[in-house]
Amino acid sequence: MRLATILLLLTALAGAALADEPASPPTYAIAMHGAPALSADFAHLPYADPQAPQGGRLSLAYLGAFDSLNPYNVKALSTAQGLIGNVYQSLMIRSADEPFTLYGLIAKSIETNDARDRIVFHLDPAAHFSDGSKISAADVLFTFNLLKTKGLPSQRAAYALVRSVEAPDDLTVAFDLTGAGDRELPLILGLMPVLSRVHTDAEHFEDQTLQIPLGSGPYTVAEVIPGQKLTLKRDPNYWGRELPVTRGLYNFDEIRIDYFRDASAMFEAFKAGLYDFRIEDDPTRWREGYGFPAARDGRVFDRQE
């Protein structure tokens, strides 16, 4: 019994030591292993071109249909593609070159400790939703609590590991991760979207909906034909267009997404020039199907990885 008491005391002291461990100074990025590849003064992501021309329309196509504009919905049969990143944005963003590194977006900086049992996000004071309303710590708290109870199963499982969360001020959100024992959890929280507490219907959040969402991203939803078409328009007042993680991206004025129920019909639409980009995953079609006129005369370019 005495040994058990000593062990319990040592465990308590170790926990107290972790809790008292000072956090590192706020930083621009967080990596799962090692250091971020990009330095604190990076101007843009390596694959982005700040001088890229802007304007025009990008036409895309997906197989299937959709019955919801809420990508965090568990009851919808299928959610419209293209909303995450374009309309909904997260606290931090992943570089395509670094799958386990996040850079600041809505949260301009992050701080944690060596144990990663505490994480603090400092929001960018310039961040706002597409209606002009400021993004605050209250929106982050609202989103966390909503997704913890009504979000996707993966979100519910991860957020349940958080011991507590608080907002010391309008631009700061602190998560206590004591006892979680998960060094990836800070990155999972960094990828959490931020929803407007004013414009989100929390009571009916789990229900499928075609209500136009309010986000903070570079595009807004301009047109919806349920199950058939979604059109996004670039927001001229997007708050983050000059951030290093967005500079040179989101250049099209409009993104049109058409849905097809049949794969053959979808390919015929591509041959006719009705959409601009296609990932070919059928070896037979790739070998035999690309002899159509637009491909022969050089209007179709292929990139093989």
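Of all residue pairs spaced 6 or more apart or on separate chains, none has beta-carbon atoms under 6 Å together with a first member in the stretch 18-39 that is farther than 16 Å from LEU187 by Cα and a second member that is modelled with pLDDT under 90 and among the charged types (D, E, K, R). Is there a residue being aliphatic (A, V, I, L, M) and surrounded by 15 or more Cβ atoms within 10 Å (Cβ to Cβ) anywhere in the stretch 272-285? No, the conditions are met nowhere in the stretch 272-285. Put simply, of SER133, SER78, SER109 the only residue that is out of contact with any helix residue (DSSP H, G or I) (no Cβ under 7 Å at 6 or more places or on another chain), at pLDDT 95 or above and farther than 22 Å from ALA202 by Cβ is SER109.
Condition check for ASN145 on (1) under 26 Å from PHE42 (Cα atoms); (2) in contact with a Phe, Trp or Tyr (Cβ under 9 Å, 6 or more places away or on another chain): one failure, at (1). Checking each residue in the stretch 152-199 for being surrounded by 14 or more Cβ atoms within 10 Å (Cβ to Cβ) and of a type in the set (S, T, N, Q) picks out GLN155, THR172, THR178, SER196. Looking only at residues in the stretch 45-92 that are of a type in the set (Val, Ile, Thr) and outside any strand (DSSP E or B), which one is surrounded by the fewest Cβ atoms within 10 Å (Cβ to Cβ)? For the stretch 45-92, the residue satisfying everything is VAL74. Take the conditions under 19 Å from the mean Cα position of the chain (by Cα), buried (at least 20 other Cβ atoms within 10 Å of the Cβ) and assigned to a loop (DSSP other than H, G, I, E, B) and apply them to LEU214. Does it pass? So LEU214 does not fit the description; no. Has the stretch 266-275 got any residue that is within 30 Å of ALA43 (Cα to Cα) and small (Gly, Ala, Ser)? For the stretch 266-275, residues within 30 Å of ALA43 (Cα to Cα) and small (Gly, Ala, Ser): absent.
For the stretch 283-302, the set of residues classified as of a type in the set (D, E, K, R) and touching a residue at least 12 places away in the same chain (Cβ under 8 Å) consists of ARG285, ARG299, ASP302, listed by residue number. Among the residues of the stretch 201-211, are any in contact with a Pro (Cβ under 8 Å, 6 or more places away or on another chain), surrounded by fewer than 19 Cβ atoms within 10 Å (Cβ to Cβ) and not polar (S, T, N, Q)? So far as the stretch 201-211 goes, yes, one or more of its residues are in contact with a Pro (Cβ under 8 Å, 6 or more places away or on another chain), surrounded by fewer than 19 Cβ atoms within 10 Å (Cβ to Cβ) and not polar (S, T, N, Q). Pairing residues of the stretch 254-265 that are under 8 Å from SER59 (Cα atoms) and in contact (Cβ under 8 Å) with a residue 12 or more places away in the chain with residues that are among the β-branched types (Val, Ile, Thr) and surrounded by 11 or more Cβ atoms within 10 Å (Cβ to Cβ), at Cβ distances under 7 Å and at least 6 apart in sequence or on separate chains, gives ARG256/THR231.
The values are calculated or read from the model by the stated rules, or taken from the named source; none is laboratory data. Just so it is clear, the model here is predicted, and its values are computed rather than measured. As a convention, Cβ positions derive from the backbone with ideal geometry for all residues, glycine included, and neighbour counts pool all protein chains shown.
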